[in-house]
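Notes to accompany the following structure.
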Amino acid sequence: MPFPVTTPVEKMTGPYARRWWALLVLCLSLLIVVMANTSLIVAAPDMTRDLALSSSDLQWVIDGYTVPYAALMLVLGSIGDKYSRRGALITGLVIFAGGSVMGSLVDETGLVITARAIMGVGAAVVMPATLSLLVAIFPKAERAKAITAWTATSGLAIAVGPLVAGWLLEDHAWGSTFLINVPIAVAAVIGALALVPPSKAQGMGRIDYVGGLLSIISVGSLVYAAIEGPHFGWGVGPTTAAVVAGAGLPAFVAWELRHPHPMLDVRKFAQRPFSGSMLAVLFFFFGTFGALYYATQFLQFVLGYNALETGVRLLPLAGAVFVGAAVTGRLTPRLGVKAMVVVGMVIGTAGVFLLTRIESGSTYTDFLAPLLMLGLAIGLSVSPATDTIMGSFPESELGVGGGANDTALELGGALGIAILGSLLGTAYRDKLTDLVGDNLPHTALETAKDSVGGGLAVAEQVAKNPAGGAQQAQALLDAVHESFAHSVAQTSLIGGIIMAAGTMIVLAVLPGRGRGAKPAGEGTPGTVERAETGEERVGAA
């Protein structure tokens, strides 16, 4: 049966009738993009065992997705604006599904990383397309509510990814966590063809490919250096990448300032609502992704929960996201963007600081309050910040706006996992060395110090020694648990301090009500109004 012919958004004279069904398709697309990272967290132990992954290998299985995802969003968002936002969404879903199929079939580390990179390219097309289509489809009076649903989907994916992956891993190999993306992507493609109207920018002009290339080089090098340097040392690769990023970012800014139609108008960063919201998204996901990275490991490696049990215990975070989203939808029009963003960041920062109380005897209950606070903070803060960012872009740059927002989100998450993960590893190694000392052979000690999973594996080997092995293994197991708990507490202290500093910066940068900031849904600065004048408009209003 052929799909119905849908009138392009730009030619509609009123709101698109099936916009809420279209939002469901956009949220479904967003769901698998975010789940691709969160589901991998609980699948990592099985992958490590089956593929014999080193610490570096595992890091790149995770971040092979992140580098192209973060680096390409601005450019691919702009291409979607010019040619077809719906076409970009469908193309991205197909690429993402193809990478997922490959990931489910291969059994070599390099091929798994390649599959993850292909998925990252697909995600870089999908993510900005979902936001640009959302803003194009919904009238401004409903846009804040739609963005709140979009944000809540991100929070839902954080908890649902581990839950679904854990359920699959009960009876299937880790490849099933890749394959689950495929039917969802197929459903989203069918839904996009049937329910999402065509949309593209009007009178956009030529794409700034030089600026796009500079953004890819700069952001890609920055993410690579942030991932590789803190974890594995500042060798030639990470140092070169840092230098390239240090030179590329000023070159990108200089080019964009002189180009008549820049890829990203960097002058927007002089607008306090835009720059404050971008910083809020970056700092917030720095702390949230970093904290979830090591909290999930504690649940699995120290408390002994399997993948499914871990996923179930992350569900309160999703529930708290929906509560926060409901609250922000009611309070942001009354209190303003600054109040909701800052309050959310304060709650999230307090949640990270609560993790400093973790010790070897801690239970899941000690993680429940931080998870609830992080979920509530996501629901409160991210929607008004995203609405402000998207409201700063005209109709012809909605894809770029989505790319800018998502780059800040993904860059913040990548930096959080890389920097806090590096601090976690250093604190763990130092503490374990102090506790174990010379009680282990050098090779075994080095394996145990590599990660908490390595420490548990060494303890299993020691237990097989008939001459007092059980007692030695228990002593090592206790030392590993104490060391990891110590590293979680120490890392949370540093993460909380960084989050607190970010909160203070956002508090200073975001303007209050009456100083250029308007509540979400009331036309944030830079929004192209749809006017009754018949001039260029954001979408179907």
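Summary table
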item: Which listed residue, of 326, 291, 350, 307, is small (Gly, Ala, Ser), open to solvent by 10 Å² or more (accessible area, probe 1.4 Å) and within 24 Å of residue 498 (Cβ to Cβ); result: 350
item: Residue, farthest from residue 17 (Cα to Cα), within the range 117-154, restricted to residues that are open to solvent by 10 Å² or more (accessible area, probe 1.4 Å) and under 14 Å from the mean Cα position of the chain (by Cα); result: 154
item: Filter result for residue 435 (under 25 Å from residue 498 (Cβ atoms), under 36 Å from the mean Cα position of the chain (by Cα) and in contact (Cβ under 8 Å) with a residue 40 or more places away in the chain); result: no
item: For residue 445: the one exception among (1) assigned to a helix (DSSP H, G or I); (2) at pLDDT 80 or above; (3) more than 20 Å from residue 294 (Cβ to Cβ); result: (2)
item: Selection status of residue 442, more than 34 Å from the chain's Cα centre (by Cα), open to solvent by 20 Å² or more (accessible area, probe 1.4 Å) and under 27 Å from residue 53 (Cβ atoms); result: yes
item: Residue pairs meeting the criteria (Cβ under 6 Å; at least 6 apart or on separate chains; first basic (Lys, Arg), in the range 262-283; second at pLDDT 90 or above and part of a helix (DSSP H, G or I)); result: 268/274; 272/509
item: Selection count, the range 366-383, where residues are within 14 Å of residue 153 (Cα to Cα) and open to solvent by 40 Å² or more (accessible area, probe 1.4 Å); result: 1
item: Residue within the range 450-458 that is within 17 Å of the chain's Cα centre (by Cα) and either open to solvent by less than 30 Å² (accessible area, probe 1.4 Å) or at negative phi (or both) present; result: no
item: Subset tally (residues that are of a type outside the set (A, V, I, L, M) and closer than 14 Å to residue 401 by Cα) for the range 253-270; result: 5
item: Hey, residue 320 in contact (Cβ under 8 Å) with a residue 24 or more places away in the chain, farther than 24 Å from residue 477 by Cα, buried (at least 22 other Cβ atoms within 10 Å of the Cβ) and in contact with a Gly (Cβ under 6 Å, 6 or more places away or on another chain) or not; result: yes
item: Per-region count, the range 155-213, residues of a type in the set (Phe, Trp, Tyr), open to solvent by less than 30 Å² (accessible area, probe 1.4 Å) and assigned to a helix (DSSP H, G or I); result: 1
item: Near pairs, Cβ below 7 angstrom, 6+ apart or cross-chain, from the range 102-116 (touching a residue at least 12 places away in the same chain (Cβ under 8 Å) and over 10 Å from residue 60 (Cα atoms)) to any residue that is open to solvent by less than 60 Å² (accessible area, probe 1.4 Å) and of a type in the set (Phe, Trp, Tyr); result: 103/178; 104/178
item: Residues of the range 249-270 satisfying the condition of being within 22 Å of residue 206 (Cβ to Cβ) and in a helix (DSSP H, G or I); result: 251, 252, 253, 254, 255, 256, 257, 258, 266, 267, 268
item: Helices (runs of 4 or more DSSP H) within the range 310-400 that include 1 or more residues touching a helix residue (DSSP H, G or I) at 6+ places or on another chain (Cβ under 8 Å), under 18 Å from residue 160 (Cβ atoms) and not polar (S, T, N, Q); result: 315-335, 365-391
item: Test set (1) crowded, with 19+ Cβ neighbours inside 10 Å; (2) modelled with pLDDT of 90 or more - residue 270 fails condition number; result: (1)
item: In the range 416-431, the residues that are aliphatic (A, V, I, L, M) and surrounded by fewer than 21 Cβ atoms within 10 Å (Cβ to Cβ); result: 423, 427
item: Neighbours by Cβ (under 8 Å, 6+ apart or cross-chain): first from the range 152-176, farther than 25 Å from residue 385 by Cβ and free of Cβ contacts under 8 Å to residues at least 40 places away in the same chain; second small (Gly, Ala, Ser) and open to solvent by 10 Å² or more (accessible area, probe 1.4 Å); result: 168/176
item: Residues of the range 1-53 that turn out to be open to solvent by 50 Å² or more (accessible area, probe 1.4 Å), farther than 30 Å from residue 411 by Cβ and modelled with pLDDT of 75 or more, as a count; result: 8
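The values are calculated or read from the model by the stated rules, or taken from the named source; none is laboratory data. Because the structure is predicted, anything quoted here is derived from the model rather than measured. Please note: Cβ atoms are built from the backbone with ideal geometry, for glycine as well, and neighbour counts cover all protein chains shown. We work out accessible area using only protein heavy atoms, side chains counted, and drop any ligands, DNA or RNA first. Shrake-Rupley method; radii C 1.70, N 1.55, O 1.52, S 1.80 Å.
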